[in-house]
Amino acid sequence: MASLTAQRIGELARLLEGAALEGRAVPKVTIAEPQLSLADAYDVQWALRERRLRAGRRLAGLKMGLTSLAKMKQMGVETPIYGFLLDDFRVAADSQLSIAGLIHPRVEAEIALVTRHALRGPGCTVEQALAAIDHVVPALEVIDSRYRDFKFDLPSVVADNASSARYVVGSTRWPIDDLDLRTISVVVERNGALVASGTGAAVLGHPALSLAMLANLLAPREELIPAGTFVMTGGITEAIAAKPGDRFVARYEHLGSVSVGFT
Ligand code: OOG
Ligand code: MG
């Protein structure tokens with residue numbers, strides 16, 4: 001149940017928008033609002049989305065977060081969540097990204113996909129999700145919590161759009177029919193040294209379940225995943241802190257590589 005007024009929801013969205021645009025950490029929102037429910041938190045996220053779209057940004061996709069044990073353990077939050085991706089979050093594959101403007105960016109390897117059919121919950125199954133996938137792309141996400149020390153609770157991270165900041169998509173698309181998403185392995189290198197590794201099954205047992213869960217999480221708001229939506233299914237590996245001069249490469253079995261550098 002939502003408990004905050006629309007005005008208060010709007011204030012929190014403005015606070016988090018400012019923090020993201022200015023690259024400035026703020027106290028987690030549950031410090032000012034200890035009663036913030038999960039529904040309130042999604043209201044804040046949706047208000048934040050509205051504000052960015054009104055400012056001229058375009059929706060570029062959706063993401064799931066905290067879908068792997070590695071991520072849940074690292075962040076101390078055990079419930080998968082969703083967020084939105086905007087056009088200006090996208091960084092060209094294999095390019096350089098300036099750390100200026102970000103607070104404390106971290107990099108994580110993700111399997112991303114594009115849907116060919118709309119998906120609507122509740123009750124969306126992994127089979128339905130699989131049938132709705134058009135193609136798969138290797139990706140890296142650069143997350144950046146707007147909260148001090150990257151520490152948060154579930155409502156706070158949901159309000160902060162699941163720490164979304166930037167993302168990088170590899171240049172090759174793979175038809176879903178040729179792949180078993182569960183068995184795709186990935187290694188992440190930083191400056192040539194292996195820093196993390198995992199397989200697709202780390203994401204809820206099957207990355208397609210992450211897509212199904214997204215449809216189900218959207219259902220209470222009467223929202224669906226439209227055909228043609230780009231979806232990041234959540235970090236397979238724990239997220240690795242980035243500093244200027246670092247270059248990260250994710251090497252996916254079958255899917256190829258994707259990299260990003262930091263300046
Ligand atoms: C929350 C965002 C999680 C993922 O892939 O698990 C996320 C965080 O860890 O800051 O994007
Ligand atoms: Mg992620």
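Restricting the search to region 106-140, which residues are outside any strand (DSSP E or B) and within 16 Å of ligand 2 (Cβ to nearest atom)?
The initial filter retains those residues of region 106-140 that are outside any strand (DSSP E or B), namely 116-118, 120-132.
Result: no residue meets the conditions.
List pairs: first in region 143-154 and closer than 19 Å to Phe262 by Cβ, second within 10 Å of ligand 1 (Cβ to nearest atom) and part of a strand (DSSP E or B), Cβ under 7 Å, 6+ apart or cross-chain?
Cβ pairs passing all conditions: Ile143/Arg106; Ile143/Glu108; Ile143/Ser164; Ile143/Ala165; Asp144/Ala165.
For region 52-97, what are the residues that are more than 16 Å from ligand 1 (Cβ to nearest atom), surrounded by 15 or more Cβ atoms within 10 Å (Cβ to Cβ) and part of a helix (DSSP H, G or I)?
Here is the first cut: in region 52-97, the ones more than 16 Å from ligand 1 (Cβ to nearest atom) are 52-59, 87-88, 92-97.
Checking the rest, the ones that are also surrounded by 15 or more Cβ atoms within 10 Å (Cβ to Cβ) come to 52, 57, 59, 93-94, 97.
Selection gives Arg52 alone.
Quick check on Ser98: is it among the polar types (S, T, N, Q) and within 13 Å of the chain's Cα centre (by Cα)?
no
On the given criteria, is Thr183 away from ligand 2 (no atom under 16 Å from the Cβ), in contact with a helix residue (DSSP H, G or I) (Cβ under 9 Å, 6 or more places away or on another chain) and of a type in the set (Val, Ile, Thr)? I'd like the intermediate steps shown before the answer.
Details: away from ligand 2 (no atom under 16 Å from the Cβ): yes; in contact with a helix residue (DSSP H, G or I) (Cβ under 9 Å, 6 or more places away or on another chain): yes; of a type in the set (Val, Ile, Thr): yes.
Judged against the criteria, Thr183 is a match.
Given region 181-257, what strands (runs of 3 or more DSSP E) lie entirely inside it while holding 1 or more residues that are of a type outside the set (Ser, Thr, Tyr) and surrounded by fewer than 18 Cβ atoms within 10 Å (Cβ to Cβ)? I'd like the intermediate steps shown before the answer.
On the way: elements: 185-190, 193-199, 230-235, 247-252.
In region 181-257, the matching strands (runs of 3 or more DSSP E) lie at 185-190, 193-199, 247-252.
Name the single residue that is nearest to ligand 1 (Cβ to nearest atom) among those in region 136-176 being hydroxyl-bearing (Ser, Thr, Tyr) and under 22 Å from Asp87 (Cα atoms).
By that ranking, first place goes to Ser163.
Could you list, ordered by first residue, the pairs with Cβ atoms under 8 Å in which the first is in region 6-32 and more than 21 Å from Ala100 (Cα to Cα) and the second is assigned to a helix (DSSP H, G or I) and polar (S, T, N, Q), at least 6 apart or interchain?
Ala13/Gln45; Lys28/Ser156; Val29/Ser156; Thr30/Ser156
Scanning for something of a type in the set (Ser, Thr, Tyr) and in contact with an Asp or Glu (Cβ under 8 Å, 6 or more places away or on another chain), does region 139-161 turn up at least one residue?
yes
Please enumerate the residues belonging to region 155-174 that are of a type in the set (Ser, Thr, Tyr) and either surrounded by fewer than 20 Cβ atoms within 10 Å (Cβ to Cβ) or free of Cβ contacts under 8 Å to residues at least 12 places away in the same chain (or both). Write out each step before concluding.
Initially, region 155-174 is screened for residues of a type in the set (Ser, Thr, Tyr), giving 156, 163-164, 167, 171-172.
Within region 155-174, Ser171, Thr172 qualify.
Could you grab me the full set of residues in region 1-32 that are surrounded by 15 or more Cβ atoms within 10 Å (Cβ to Cβ) and in contact with a helix residue (DSSP H, G or I) (Cβ under 7 Å, 6 or more places away or on another chain)?
Selection gives Leu4, Ile9, Gly10, Leu12, Ala13, Leu16, Glu17, Ala25, Val26, Lys28, Val29, Thr30.
FYI, it's all coordinate maths here, none of it is from the lab. The structure displayed is predicted, hence computed values, not measured ones. Note: ideal-geometry Cβ built from the backbone for every residue, glycine included; neighbour counts use all protein chains shown.
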